[in-house]
Each structure stands twice: as C-alpha cells, then as structure tokens.
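Every read-out reported here was derived from the displayed coordinates using simple, explicitly stated rules and does not represent laboratory data. Keep in mind it's a predicted model, so treat the numbers as computed, not measured. Quick reminder, even Gly has a Cβ in these numbers, built from the backbone with ideal geometry, and neighbours come from all protein chains shown.
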2 protein chains.
Amino acid sequence: MAERVKIVEVGPRDGLQNEKQPIDVATKVALIERLVAAGVTHIEAASFVSPKWVPQMAGSAQVMAAVPRAHQAKGVHYSALTPNLQGLEAALAAGCEEVAVFGAASESFSRKNINCSIAESLERFRSVTEAAQAAGVRVRGYVSCVLGCPYEGAVAPAQVLRVALQLREMGCHEISLGDTIGRGTPDATRRLLEACLRELPATMLAGHYHDTWGMAVANVAASLEMGLRTFDSSVAGLGGCPYAAGASGNVASEDVVYLLQNMGYETGIDLDALVDAGLFISQALGRAPQSRVSQALRSACVS
Amino acid sequence: MAERVKIVEVGPRDGLQNEKQPIDVATKVALIERLVAAGVTHIEAASFVSPKWVPQMAGSAQVMAAVPRAHQAKGVHYSALTPNLQGLEAALAAGCEEVAVFGAASESFSRKNINCSIAESLERFRSVTEAAQAAGVRVRGYVSCVLGCPYEGAVAPAQVLRVALQLREMGCHEISLGDTIGRGTPDATRRLLEACLRELPATMLAGHYHDTWGMAVANVAASLEMGLRTFDSSVAGLGGCPYAAGASGNVASEDVVYLLQNMGYETGIDLDALVDAGLFISQALGRAPQSRVSQALRSACVS
C-alpha cells in the first residue's frame, strides 16, 4: 500500500485572496465542486475577515452555504481563515468545521500584515482557539515567513519553532509552515524542519511553500525526506506573490500531486481532473495556469 | 571557501536549436558575449550538423569565429555538438576546443532521433572521439532519455550506465545525463545516480534536467546530495520541449544558479547579469524568459 500524503488545497482562499480580480460566489463554489470531484479532501474555502480589508473574500458565508456538503461524510473537510472572534462567530454560523489563524515568525511582517506584534497576535488567536474548541471546531495554525521575511530577510528556525510551539500550546492540531516569499532552498528547509522536529511531531506539521523563486517543488521533496506528509498548495498556482507583483506565489497543486504520485505516494487526487479545475478558474481569471504540469499535460505531448 | 559547481550553459546550442524561430549569427554572438560577461565559463556555442536538418544551427562556423576569444585564457570554454566526422572536421576548422556527441539510453529514441540503433551511434561516435583526441580536443558525451523516453516510457538505470560506460571507454571526459522529457522525480534521479556512481566517479557526470514537469530544480538538489557538481542549463530556459510543444524544456540557468548560490555553492556567475542575458535573447525571440527567478527579480519585489 502506498503511503498517504495529505494535500490542503488553499486556492479558493489563500489563492483567490491574492488575485487582483475578485471572483463571484458562484464561480468559487463551482471551483470547489470541481476540486471535490477531483478527489481533494481538504479545502480552505473562505476567510471571515472584513470585506472592507479583503474584498476578494466577500461572500464567504454564501460560499460555505453552497459547498457540496454530502461529501463531508466521505472525508471532505472545509476550513476558513478566522483572524479574530468576530470572524470565528461568522465561521461557526456558516458551518465551518475547521478554522485557521495566521501568525508570523517575523516581527516586522506581523506588524505590517496584521498591524500588531507577534505576541499580541498570539493573544488574539488564543481567544479564537478557546472559543473554537468550546464549539467543537478544530483550529489550524499558520506561521508565515518561516524561510525569510520581505522586510527582515533571514528568519531563525528557533523563532519559527517558538511561534509554532505557542500555537500548539493553545490547541492548534496542525501547524502550517509558510515560506511566504518563496526564497527558501532545500537546505534551509531541512534546517528549519530539523529545528521544529526536535519539539513537534512530523504529523503535526504542514509544508506551505511558494514557488516565486522556483524552489517549491524541491522544498516539498526535502520535506518528504524529513518525514512531512502534509502540504498546502493552490490549484493553478492561484494567488501570485503579494511581495513580487507579477511573480508566482503558492506552489501549484498540480505540480505537487505530480511529484507525489510519481514518487509513489497516494494522494487520492485525479491529476487530470485537478488540471481541469485549474483551467476552469484560470479561465475565469483570464490567464493561463501557473503550473508546469498543467502546461505539459495540455501540450502536444507524445510522452 | 565555498565549494565550486560548474554550470555548462547549453542555451546557445541545445536551447536555440529547439526554438522555432531561427536566430541570426550576430544575435547568437551577442548572447554569448553577455553570458561570458556574466561569468559563465562553459558554453555550448554551436552545432556542426547539416543546416538542411537543423536550420537553427546554420552559421555555427561564423559563431565560433566571432565569440570572444580573449576570455579563453581566463578559463572560458566553448564547445560544439559534432554528430559525425564531417561535423568534427568543421568544428576543428572553426577552432572548437571541446566537442560533444549525443547518444541515447533508449533504442526507440535513438532510431527516431538519429536514425540508427544505439550500437550504431556509438560506433559512429568512436570515429569522432578518436579523431578529436588525435587533434587534442576533448569530447563530452551526452546520454538522453535517462529518466524516461517519449516512445518507450521507463528507462532502466542499468541501460543508462551501459551507454555511459561505453562513452567513457571511448574517451569522453564528461558524461551528461539528460532527462530529455523532464518526467524524472528526485527519487528516480537518486536511483539513476546510485547505479551510475557504482562505476563512474561523480566528477565525470553532469546532470542535464528538463523542467517540462516542474521537477528540474528538485532533481538538481537531489543530484547535489549524491555528489554531482556539474549541471547543464539554458539561460531563460531556452529551447522548450520538442516532445511537448509549448511546454518548458531545459531548466533555466537563472533558477539553477539561484539554487546553488543560496545553498552556499560558488558558481562564479553574476545572477543579475545572467538574468539580463536571458532577457536579451528572450526579447529577440519575442517572448518572456522561462525562469521563475528572472520573473521574481523583474517583479516589483520588496524582498
């Protein structure tokens, strides 16, 4: 039996949130339906944040109301980003069964991105995680800038671990380590994971890599070697890089699934159907999918 | 002192040979001048093959006559592909100091690509290597389809090794292992190199990976771990994939140099100048460079 790797599809939230062009609710739901049909089991579907700040995420309650619920019995999970208690209440009302908080390993990034220090953000997250757990809802923790910060440059693995441990301590069941600027190389990824795995089990960690500098697939491969079996990715590479306009952001789910399948891991995902889902949303955005695998599969390929 | 990794820039030959649009001699020479100025020391500059078959390589003698020769004293090397004795004679007349022969690990690919069996091709190469060595010129050997064949699918590492050993036996000083269709993953790369390194020293092998399926940087990283210190790449990802029209081919030199520099290896190459060389030739071809690093560096990047 092939070993299982879990893909957390973040395209509908992390991806579309960072696309300039807002996508309507019906199209978001249609994307999610296609992802579910392709066999994707973990989908970050929405963000309960003020549409004043993030207009791309307007309609999140409607999205959650319309996603295919029958599949939940078959192991499909929908999650939503909830930056604060108000967001959590909206997410609970919308029927989310998992929520996520988004912290940073870099002080400057935390201040510029969410307008508070790391310590302040963790305090705010604690109220979210406590209320979520009281409501029987799991919480995922994100740590951003784990392999570098757009403002500070290098970020020490010990600092990433410190934030990750606090997220675990407040009850996060999974911690996603994000290379927000995509500057990490496989050796840096390995050093980061070595530090984290001294205190946290591999089953609790997810690799969330950006392909801005072309390193993401290599970083997934290095993480697999270190024992990680959960990866975040974005169909069609949705999202771009908010810190390098016009450049790639989230690694494309198609490329990660190709890597995993060809290395003998089981993902439960049909690659052709995933490519079709990526084409669907790319057409809605009026551009080509940011995925080498999608490009290769759609080419006049004799191989 | 940082450990040195040798980059063999194959854009002017392997790259431009596979571009639909022919590039004139002056532009090729201008590209090579820019590569040399960026610190590239090994450049596959030309191919002495009939222009009837490969019109993109017409003018190879003029290219070789015009490349900056003063840099050779500073360790810049130019090589050319020479499929047969006639090609070798032309290359010697043009002042090449290194030539290359191009074999395959797949019988079907050999027959379809160079119209003869592997054994027949090796016999032909033997006459080239003997004459080259008699003239004091080094010969590089290519093995294509090392991680899969567009016609046969899987290719056994033992079959790659068999061809590589014959190339060494006839005097090739370096053997470049080419993932022609770009379908290899890091575990397959590792298995291939394990087989080859049982009989050949790492210093004799070069990794030549195509990024058609987004795996090339991960394969370079896996090869570095296995001890390889020579990689072929193509500035701006020149070349595309002849077996998947519209898809990527050779891994972009910019992406490989970024990986190496950030992993602490010394390449002697100035990344910004290399990106400029890639932009120059991409503009001549009327398209954008196929390099994530080039894209990121040219974006409005705050990192």
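Roughly speaking, what is the centre-to-centre gap between region A:247-278 and region B:107-127 when only Cα atoms are used, to the nearest Å?
One Cα centre to the other: 36 Å.
Using +1 on the beta carbon of Lys and Arg, -1 on that of Asp and Glu, and nothing else charged, what's the dipole of the protein assembly as shown about the Cα centre, debye to 20? Mind dumping the intermediate values first?
Values: 50 positive and 60 negative charges, 75 e Å.
The dipole of the protein assembly as shown has a size of about 360 debye.
Report the full-extension gain for the segment B:ALA37 to B:ALA2: residue separation times 0.36 nm, less the Cα-Cα distance, to one decimal in nm.
Gain in length upon complete extension: 10.5 nm.
Would you mind telling me the antiparallel percentage of the DSSP bridges in the protein assembly as shown, rounded to 5? If you can, show how the numbers build up before the last one.
Details: 8 of 76 bridges.
Bridges in the protein assembly as shown are about 10 percent antiparallel.
For a Förster distance of 60 Å, can you work out the FRET efficiency between the beta-carbons of B:THR27 and A:ALA134, rounded to the nearest 0.05? Could the numbers behind the result be given before it?
Working: r = 68 Å, r/R0 = 1.13.
Calculated value: 0.30.
With point charges of +1 on the Cβ of Lys and Arg and -1 on the Cβ of Asp and Glu, referenced to the Cα centre of the protein assembly as shown, which listed residue (A:PRO83, A:GLY59, A:MET215) lies farthest in the positive direction of the dipole?
A:GLY59
Can you list the residues, at least 5 places off or on another chain, whose amide H is less than 5 Å from the amide H of B:PHE102, using H built in the peptide plane?
Long-range HN contacts for B:PHE102: B:TYR142.
Under the definition of partner shielding as Cβ atoms of other protein chains within 10 Å of a residue Cβ, what is the mean value for peptide B:215-227? Present the calculation step by step, with values, prior to reporting the outcome.
Working: counts 9, 4, 11, 12, 3, 2, 10, 5, 0, 2, 4, 0, 0.
Mean inter-chain Cβ contacts per residue within 10 Å come to 5.
Among DSSP beta bridges lying fully in region B:6-302, give the percent that are antiparallel, nearest 5.
Of the beta bridges lying entirely in region B:6-302, close to 5 percent run antiparallel.
Residues with amide H under 5 Å of B:ASP232's amide H, sequence separation 5 or more or different chain, H placed in the peptide plane at 1.01 Å from N; which?
Under 5 Å from the amide H of B:ASP232: B:VAL8, B:GLY207, B:HIS208, B:TYR209.
In whole Hz and in residue order, list the ³J(HN,Hα) couplings for region A:124-139 that follow from phi through the Karplus curve 6.51 cos²θ - 1.76 cosθ + 1.60, θ = phi - 60°; x for Gly and Pro.
5, 5, 4, 5, 5, 5, 5, 5, 5, 5, 4, 8, x, 10, 6, 10
Under a plain spin-label model, where a point goes 7 Å from the Cα along Cα-to-Cβ, how far apart in nm are B:GLU199 and B:LYS52?
Taking the simple label geometry, B:GLU199 and B:LYS52 are separated by 3.7 nm.
Rank the residues A:ASP179, B:ASP272, B:ASP187 as a footprinting-exposure proxy: fewest other Cβ atoms within 10 Å of their Cβ go first.
Details: A:ASP179 28, B:ASP272 10, B:ASP187 18.
By the 10 Å Cβ count, ascending: B:ASP272, B:ASP187, A:ASP179.
Give me the log10 of I(q) over I(0) for region B:146-303 at q = 0.11, 0.12, 0.15 Å⁻¹, as the Debye formula computes it from C-alpha points; what are the numbers?
Results for region B:146-303 at q = 0.11, 0.12, 0.15 Å⁻¹ read -0.45, -0.53, -0.81.
Per residue of region B:142-157, what does 6.51 cos²θ - 1.76 cosθ + 1.60 with θ = phi - 60° give for ³J(HN,Hα)? Whole Hz please, x for Gly and Pro, Karplus curve as stated.
Each residue of region B:142-157 in turn: 9, 10, 9, 6, 6, 10, x, 10, x, 9, 9, x, 4, 10, 6, x Hz.
Normalised radius of gyration for chain A, please: alpha carbon Rg relative to 2.2 N^0.38 Å, two decimal places.
Working: Rg = 17.7 Å, N = 303, 2.2 N^0.38 = 19.3 Å.
The value comes to 0.92.
Using θ = phi - 60° and the Karplus form 6.51 cos²θ - 1.76 cosθ + 1.60, what ³J(HN,Hα) does each residue of region A:247-255 get, whole Hz, x for Gly and Pro?
Working through the residues one at a time gives 9, 6, x, 3, 4, 6, 4, 4, 5 Hz.
Around B:SER117, what is the net charge, scoring Lys/Arg as +1 and Asp/Glu as -1 over all other residues with Cβ under 12 Å from its Cβ?
0
At a 10 Å Cβ-Cβ cut-off, how would you order B:MET1, A:MET64, B:MET226, B:MET170, fewest neighbours first? Before the final figure, lay out the partial values.
Working: B:MET1 4, A:MET64 22, B:MET226 16, B:MET170 19.
By the 10 Å Cβ count, ascending, the order reads B:MET1, B:MET226, B:MET170, A:MET64.
Hey, for B:ARG126 with labels 7 Å out along Cα-Cβ, what do the inter-copy distances come to in nm, ordered shortest first?
From this label point to the equivalent ones elsewhere in the assembly: 7.8 nm.
Assuming R0 = 25 Å, can you tell me the calculated FRET efficiency for the pair A:HIS173 and A:GLU120, based on Cβ-Cβ distance, to the nearest 0.05? Present the calculation step by step, with values, prior to reporting the outcome.
On the way: r = 23 Å, r/R0 = 0.93.
Taking R0 as 25 Å, the efficiency between A:HIS173 and A:GLU120 is 0.60.
What percent does the relative contact order of chain B come to when contacts are Cα pairs within less than 8 Å and at least six residues apart? Write down the numbers at each step before the final one.
Details: 630 pairs, mean separation 59.3, N = 303.
The normalised contact order for chain B reaches 20 percent.
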